[in-house]
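The values are calculated or read from the model by the stated rules, or taken from the named source; none is laboratory data. Note that the coordinates shown come from a computational prediction; the quantities given were computed from them, not determined experimentally. All Cβ positions, glycine included, derive from the backbone under ideal geometry; neighbour counts span all protein chains shown. Areas reflect the complete protein model, heavy atoms only, side chains present, ligands, DNA and RNA absent. Shrake-Rupley method; radii C 1.70, N 1.55, O 1.52, S 1.80 Å.
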Amino acid sequence: RVTAREASLQKENETLKEQLAQAQQRMEETQRQLDLLVRHVFGKRSEQTPPPVNPAQMDLALETENAAIESAPPAPAAKPKGGSRRGRKVRGALLPENLPVEETVFIPPAVQAAPEQWRRIGEQTSERLERIPGRLIRQRLVRPVYVSIAQPYAAPVSAPAPPHIIDGGMLGLHFMTALVLGKYLHHQPLYRQAKALEWESGVKLSAATMCQTIARLADAAGPVVRCLARAMWQGGYVQLDLTPVRCLSREHAGGSFMGQMWVSAVPGGDVHYTWDKSKEALVAERIIPEDWKGLLQTDGGSELGCYLRGGKARGKPPDIRRAACWAHARRKFFEAAKAGCRRSARLLKIINLLYRIEDHARTAGMNAAQRAALRQRRSARVLRGLRRRIERIIREERPQSPVAKACLYTKGQWEGLQTFLKHGEIEPERSGDSRRQIDNNSVENAIRPCALGKKNYLFIGDVRAGERSAVFYSLLGNCLRRGINPHNYLHWLFTRLPVTQPKDHPSLTPAAYAAEHQPAAAEPLAA
């Protein structure tokens with residue numbers, strides 16, 4: 001017979017055991033988060049995993065478990081590193097022939113003292129690449145005024161002033177181009193550029209002058225960016241993502257708020273940045289044209305999910321289908337595998353099979369229809385096996401474990417993760433492009449300039465400054481994606497804007513510049 005005290009002690013013991021198990025789970029979760037933070041700060045950011053030693057063994061194991069997965073193509077052999085110096089470029093081959101040459105001749109002191117006693121039989125030559133600091137000049141524009149000798153009382157005449165993008169501005173086109181590139185391409189805040197200018201040449205420019213110059217240039221280039229955005233949304237496949245950027249404001253507590261830079265991009269094509277104060281679904285509604293139809297590839301963000309689910313006023317977008325991002329799903333399994341979860345490492349290998357099938361399609365040069373057929377034949381079988389394992393892990397693992405969290409996220413995104421099976425166009429048509437478009441990495445790479453910039457200038461000065469940043473990030477981002485020299489394009493743009501009518505603004509986009517100056521480079525993007 002169990003007494004009341006023994007029953008009380010037994011119940012108390014069970015309670016303590018349960019509390020101990022919960023404390024151990026919390027401690028494991030805290031340790032996992034600490035390891036993830038240490039890796040994020042001090043470790044490698046790369047999520048690459050080593051290829052299997054024998055890819056056929058991995059496929060054979062999956063075939064045994066699923067009885068449905070075919071053998072995947074072998075991974076290409078890695079190129080050996082190191083080796084001899086044969087084939088390496090010599091120093092002279094690295095220096096372009098069009099660089100001006102400044103030659104300095106060194107004569108020994110003995111020859112200088114008695115040159116008639118020496119005969120030159122040869123020379124030893126070495127070359128260096130030198131950099132001379134930029135040179136500032138005062139560009140004086142003189143327009144003489146004339147009066148007719150025959151009609152001395154007639155009105156005098158003079159040459160018209162050349163058009164300038166900023167009426168009455170004191171800065172030249174090359175100077176303004178360098179100012180924009182320094183801030184939005186090299187990520188140097190304006191005050192650092194002003195200080196470097198003062199140290200280099202003694203010229204002091206106020207912060208107000210530089211900010212007003214950037215503002216007026218952005219206002220002039222804004223219509224060109226809007227033309228670029230309209231052309232980008234004429235296609236049927238766009239990727240969309242956003243990144244936070246802090247913005248100063250006296251109207252908010254603490255003197256600042258977290259704004260958002262929305263980035264939309266076509267893989268292998270144009271990219272467009274939009275600044276807004278919030279991350280609400282209404283912002284996506286303003287960015288995406290009302291009559292647009294096609295595939296919208298996004299991550300699992302709540303703001304884009306709200307837009308795609310629709311609301312009471314506008315309803316669900318009928319002609320837009322979402323494609324989810326496999327890189328986000330894979331990342332969660334990668335983090336769980338780094339924490340030591342073997343089941344997560346197993347699922348990670350299965351997801352890698354999807355990427356190997358994409359590599360095979362790219363190597364074979366398949367078009368959209370062939371790629372969709374390959375995905376239906378092979379990737380669909382991989383997904384069916386992956387789904388069964390995910391369901392099993394969700395039933396067996398505790399919900400707070402890393403692998404269970406990854407499985408729950410993947411299950412919640414499953415409908416969008418399967419979209420690529422039927423749509424072979426979820427892949428850039430550009431030849432030689434190694435990016436894998438079953439994920440959203442293309443638009444995430446377009447976010448990098450903005451992320452690098454905010455590490456330097458820390459915040460945006462005001463809301464209008466965020467809009468100006470979006471203008472120049474759009475122009476420079478398209479230059480980099482098309483292989484255009486950003487300095488040449490901006491100088492060309494600032495020269496043509498004052499003499500171009502608004503109806504001709506589409507002819508000033510980076511795509512138009514590439515077609516005019518680099519027809520060979522523009523052809524693959526237009527395919």
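Find all pairs meeting these conditions: Cβ atoms under 7 angstrom apart; at least six residues apart or on different chains; first residue within the range 165-191 and without any contact (Cβ under 8 Å) to a residue 60 or more places away in the chain; second residue open to solvent by 30 Å² or more (accessible area, probe 1.4 Å) and assigned to a loop (DSSP other than H, G, I, E, B). Note: pairs meeting the criteria are 172/139; 182/188. Selection of the range 141-167 for residues being within 30 Å of residue 199 (Cβ to Cβ) and either of a type in the set (S, T, N, Q) or over 41 Å from the mean Cα position of the chain (by Cα) (or both) yields only 141. Within the range 1-28, residues that are touching a residue at least 40 places away in the same chain (Cβ under 8 Å) reach partners that are open to solvent by 80 Å² or more (accessible area, probe 1.4 Å) with beta carbons closer than 7 Å, at six or more positions or on different chains, in the pairs 25/400. From the list 285, 303, the one residue that fits, being in contact (Cβ under 8 Å) with a residue 40 or more places away in the chain and outside any strand (DSSP E or B), is 303. Restricting attention to the range 142-170, the residues being surrounded by 12 or more Cβ atoms within 10 Å (Cβ to Cβ) and small (Gly, Ala, Ser) number 1. Before we move on, is residue 299 charged (D, E, K, R) and surrounded by fewer than 16 Cβ atoms within 10 Å (Cβ to Cβ)? Against the criterion (charged (D, E, K, R) and surrounded by fewer than 16 Cβ atoms within 10 Å (Cβ to Cβ)), residue 299 does not qualify.
Yes or no: residue 438 outside any helix (DSSP H, G or I) and under 18 Å from the mean Cα position of the chain (by Cα)? Against the criterion (outside any helix (DSSP H, G or I) and under 18 Å from the mean Cα position of the chain (by Cα)), residue 438 qualifies.
Rundown of residues vs (1) open to solvent by less than 60 Å² (accessible area, probe 1.4 Å); (2) farther than 22 Å from residue 419 by Cβ; (3) touching a helix residue (DSSP H, G or I) at 6+ places or on another chain (Cβ under 6 Å), yes/no style:
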residue	(1), (2), (3)
229	yes, yes, no
236	yes, no, no
245	yes, yes, yes
248	no, yes, no
252	no, yes, no
283	yes, yes, no
287	yes, no, no
293	no, no, no
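Quick check on the range 412-429. Is at least one of its residues open to solvent by 70 Å² or more (accessible area, probe 1.4 Å), at pLDDT below 85, of a type outside the set (Asp, Glu) and within 16 Å of the chain's Cα centre (by Cα)? No. The set of residues in the range 1-28 that are at pLDDT 85 or above and of a type in the set (Ser, Thr, Tyr) contains only 15. Residues in the range 499-516 that are in a helix (DSSP H, G or I), surrounded by 12 or more Cβ atoms within 10 Å (Cβ to Cβ) and without any contact (Cβ under 8 Å) to a residue 40 or more places away in the chain: 504, 507, 512, 513, 514, 515.
Against the test of being open to solvent by 60 Å² or more (accessible area, probe 1.4 Å) and touching a Gly at 6+ places or on another chain (Cβ under 6 Å), the options 139, 124 yield a single qualifying residue, 139.
Looking at residue 173, is it open to solvent by 20 Å² or more (accessible area, probe 1.4 Å) and either modelled with pLDDT of 90 or more or in contact with a Cys (Cβ under 6 Å, 6 or more places away or on another chain) (or both)? The answer is yes for residue 173.
Residues of the range 341-361 that are open to solvent by 40 Å² or more (accessible area, probe 1.4 Å), farther than 25 Å from residue 403 by Cα and touching a Lys or Arg at 6+ places or on another chain (Cβ under 8 Å): 359 alone. Going by the conditions given, is residue 294 among the small types (Gly, Ala, Ser), at positive phi and more than 24 Å from the chain's Cα centre (by Cα)? Against the criterion (among the small types (Gly, Ala, Ser), at positive phi and more than 24 Å from the chain's Cα centre (by Cα)), residue 294 does not qualify. Taking the conditions (1) exposed (fewer than 10 other Cβ atoms within 10 Å of the Cβ); (2) modelled with pLDDT under 50 in turn, residue 89 satisfies each one other than (2). For the range 124-146, the tally of residues that are touching a strand residue (DSSP E or B) at 6+ places or on another chain (Cβ under 8 Å) and in a loop (DSSP other than H, G, I, E, B) stands at 2. Whether any residue in the range 330-350 is in contact with a strand residue (DSSP E or B) (Cβ under 7 Å, 6 or more places away or on another chain) and closer than 20 Å to residue 386 by Cβ is what I want to check. Looking through the range 330-350, none of the residues is in contact with a strand residue (DSSP E or B) (Cβ under 7 Å, 6 or more places away or on another chain) and closer than 20 Å to residue 386 by Cβ.
Would you confirm, using the coordinates I've provided, whether residue 139 is farther than 27 Å from residue 484 by Cβ and polar (S, T, N, Q)? Here the answer is no, as residue 139 does not meet what is asked.
Residues that are open to solvent by 60 Å² or more (accessible area, probe 1.4 Å), in contact with a strand residue (DSSP E or B) (Cβ under 9 Å, 6 or more places away or on another chain) and either more than 23 Å from residue 241 (Cβ to Cβ) or touching a residue at least 24 places away in the same chain (Cβ under 8 Å) (or both): does the range 318-328 have at least one? Yes, that holds for at least one residue. List every residue pair whose Cβ atoms sit under 7 Å apart, with the two residues 6 or more apart in sequence or on different chains, where the first one lies in the range 415-433 and is under 14 Å from residue 235 (Cα atoms) and the second, anywhere, is in a loop (DSSP other than H, G, I, E, B) and modelled with pLDDT of 50 or more. Qualifying pairs under 7 Å: 426/437; 426/438; 427/437; 428/267; 428/268; 428/437; 429/268.
Scanning the range 329-340 for residues that are without any contact (Cβ under 8 Å) to a residue 24 or more places away in the chain and open to solvent by less than 10 Å² (accessible area, probe 1.4 Å) yields no hits at all. Counting only helices (runs of 4 or more DSSP H) that fall entirely inside the range 168-271 and contain at least 1 residues that are more than 20 Å from residue 486 (Cβ to Cβ), the qualifying elements are 190-201, 207-232.
Taking helices (runs of 4 or more DSSP H) as the structural unit, those lying wholly within the range 323-382 and holding at least 2 residues that are out of contact with any Asp or Glu (no Cβ under 9 Å at 6 or more places or on another chain) and among the polar types (S, T, N, Q) correspond to 342-363.
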